[in-house]
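J.: Can you keep this structure in mind? I'll have questions shortly.
Just so you know, all these numbers are worked out from the coordinates, no wet-lab data involved. Keep in mind that what you see is a predicted model, and the values were worked out from it rather than measured. As a convention, Cβ positions derive from the backbone with ideal geometry for all residues, glycine included, and neighbour counts pool all protein chains shown.
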Amino acid sequence: MATLSAEELLAGAGGTFTVSLPASVVRPGPGETPAGVAGEVVLRPLQVRDVERVTRAAKEQRVLASVLMVQQALVTPKLTVEQVGSLSAGLVQFLLKQVNQISGLDLGDDDLDKAVKAPLARACFVLSRDFGWTPAECSELTIGQVLLYLEMLARERQGGEE
């Protein structure tokens, strides 16, 4: 298995993704459900520091955490926290699912809470020690990337099993 450079590992955190929004999510309402695509938005993956910031700001409020995660990930259009909080709940839920997927956080609410509360500092310490990364480089990683690299290290230590 090839060893990746720090630049190769960090590259995934800097990408953006164009997501099509179903008309039924953007314009929900009684009666006939609109078909097709209403438009597109551009999202970026959340990085470890984004998730930490959201966790500190939202504390025990799951809805606020969802709003903050969507707001942090939206590249185009750029919205304020208040604007995201004014969107329909269904649209925020759809966007949050997309954000979780591109960030490697495709988990349930309880799993996400556990992942965020897991010892991220320890994970960054291990990655810094084994890959020679600075704390700033580690903070650029998405949660999914952190978990992937920790898994790769664990397998390597077990004799390269796949």
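J.: Could you give each residue of region 138-145 its phi-based ³J(HN,Hα) in whole Hz, using Karplus coefficients 6.51, -1.76, 1.60 with θ = phi - 60°, and x for Gly or Pro?
T.: With the stated coefficients, region 138-145 comes to 5, 5, 7, 6, 7, 4, x, 5 Hz.
J.: Let me ask you something else. Quick check: pseudo-label points 7 Å beyond the Cα along Cα→Cβ at residue 4 and residue 18, how many nm apart are they?
T.: 2.5
J.: Taking the Cβ of each residue in 147, 4 as the centre, tally the other Cβ atoms inside 10 Å and list the residues starting with the fewest.
T.: 4, 147
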